[in-house]
Structure formats: structure tokens, C-alpha cells
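Worksheet: one structure, shown below.
The values are calculated or read from the model by the stated rules, or taken from the named source; none is laboratory data. None of these values were measured; they are calculated from a predicted model. Cβ coordinates were reconstructed from backbone atoms using ideal geometry, including for glycine residues, and neighbour counts include every protein chain displayed. Heads up: the accessible areas ignore ligands, DNA and RNA and are worked out on the full protein's heavy atoms, side chains in. Shrake-Rupley method; radii C 1.70, N 1.55, O 1.52, S 1.80 Å.
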Amino acid sequence: MASESDSSVGAKFERLVSIMARLRAPDGCPWDREQTFDTIKPYLLEEAYEVMDSIDARDWRGLGEELGDLMLQAVFFAQMASEQNYFTIADSLDAISEKLIRRHPHVFGEGVAETAEDVKRRWDEIKAEERKQKG
């Protein structure tokens, strides 16, 4: 059952997705509209480094802001993909949720993992099985 905070988080995420769609709309922001996958790539790396810097500095407030910037990159890429009919942010959210469930059978299934090492070993085994199935 979803708690009130869960719906609040969902609404906030939907707001971010809506803001990005508006920025990319024909009457949106000229800079945002002209961006491509290739022009946005460097920002993804920059934001990832800023997240790591905040962690190293133990700047938790800064980390919260930097994680928002990192999420923006994912939403930006997904918006561009949606415009090209490649996939949507919902597809990305489904993919990661399914992957987490699949790779944690000790939590969501019948698997057993007593230690962090057991979890890591099983994660790697499942990942290898998935790659083999994909060819």
C-alpha cells in the first residue's frame, strides 16, 4: 500500500517530467530544444562527478541537490527518447524496477543470501545469465 509520502514523491517526479517536456516543447526553451543525446552527454558525466564530490565532502545537503541534477539528466535523455518514439521514462522506471526484483531473489523470491558477498555473487550470476539470454 502506498503511503502519503510515496504519492508525494510520485507527484514530484511527474512534475519534473512535465517541466522537462515543457522546456522541450515548440514554445519552450530554445537551448533545451536544440539539445541532442550527444550534446547532453557531457552534462551527465559532470553531474555524476559532482555527486561524488558531495559524497567525498560529506555535504549531504549538496548531495541532495546534486542527485536532483543527476535525475534531471536521466529525465532529459528520456524526454528526447520519447520524442523519437524510442522509449519513455516510464519504460526506464519499469526496467529498473524489474531488474531490481529479478536480481534480488533473496528478497522478492525464494532465493537465499546470508551475506553481502552472497548477494554480490548471485547478482553477478543473474547478470551473466541475462547477458547469455540476450545473446
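With a 1.4 Å probe and all protein chains left in place, how much accessible area per residue does the chain have, in Å²?
74 Å²
Any chance you could look up the accessible area of Trp123 with a 1.4 Å probe, heavy atoms only, rounded to 10 Å²?
So the heavy atoms of Trp123 present about 70 Å² to solvent.
Can you classify segment 1-68 as rounded, prolate or oblate using the Cα gyration tensor, where a ≥ b ≥ c are the square roots of its eigenvalues, rounded means a/c under 1.5, and otherwise it's prolate if a/b beats b/c and oblate if not?
Oblate is the answer for segment 1-68, as a/c is 1.5 or above yet b/c matches or exceeds a/b.
Hey, any idea what % of the chain's accessible area is carbon plus sulfur with a 1.4 Å probe?
Of all accessible area on the chain, carbon and sulfur atoms account for 56 percent.
Where does each of Lys132, Lys120 land when they are ordered by accessible area, with a 1.4 Å probe and the largest first?
Of Lys132, Lys120, the descending order of accessible area is Lys132, Lys120.
Net charge within 15 Å of Asp124 by Cβ-Cβ distance, Lys/Arg positive one each and Asp/Glu negative one each, not counting Asp124 itself?
Residues near Asp124 contribute +4 overall.
Excluding ligands and nucleic acids, what accessible area in Å² is computed for Tyr43 using a 1.4 Å probe, to the nearest 10?
Answer for Tyr43: close to 90 Å² accessible.
All other residues with a Cβ under 13 Å from the Cβ of Met80 taken together, and with Lys, Arg as +1 and Asp, Glu as -1, what is their net charge?
Around Met80, the surrounding residues sum to -1.
Using alpha-carbon pairs under 8 Å, 6+ residues apart, how would you state the relative contact order of the chain in percent?
Over the chain, the number comes to 15 percent.
Counting pairs on different chains as well as pairs 8 or more places apart, how many Lys pairs in the chain have Cα atoms under 22 Å apart?
Close lysine pairs under the 22 Å cut-off: 6.
Pick from Ile19, Ile40, Ile96 the residue whose mean-square fluctuation is largest in a GNM of the chain, springs joining Cα atoms under 10 Å.
Largest GNM mean-square fluctuation: Ile96.
For Phe76, what accessible area in Å² do you get when you roll a 1.4 Å probe over the heavy atoms of the protein chains, rounding to the nearest 10?
Spelled out: Phe76, probe radius 1.4 Å, area about 10 Å².
Using a 1.4 angstrom probe with every protein chain in place, what is the largest-first accessible-area order of Arg103, Arg15, Arg61?
The most accessible residue leads, giving Arg61, Arg15, Arg103.
Once you list every other residue whose beta carbon is under 15 Å from the beta carbon of Ser18, what net charge do they have if Lys and Arg are +1 and Asp and Glu are -1?
Around Ser18, the surrounding residues sum to 0.
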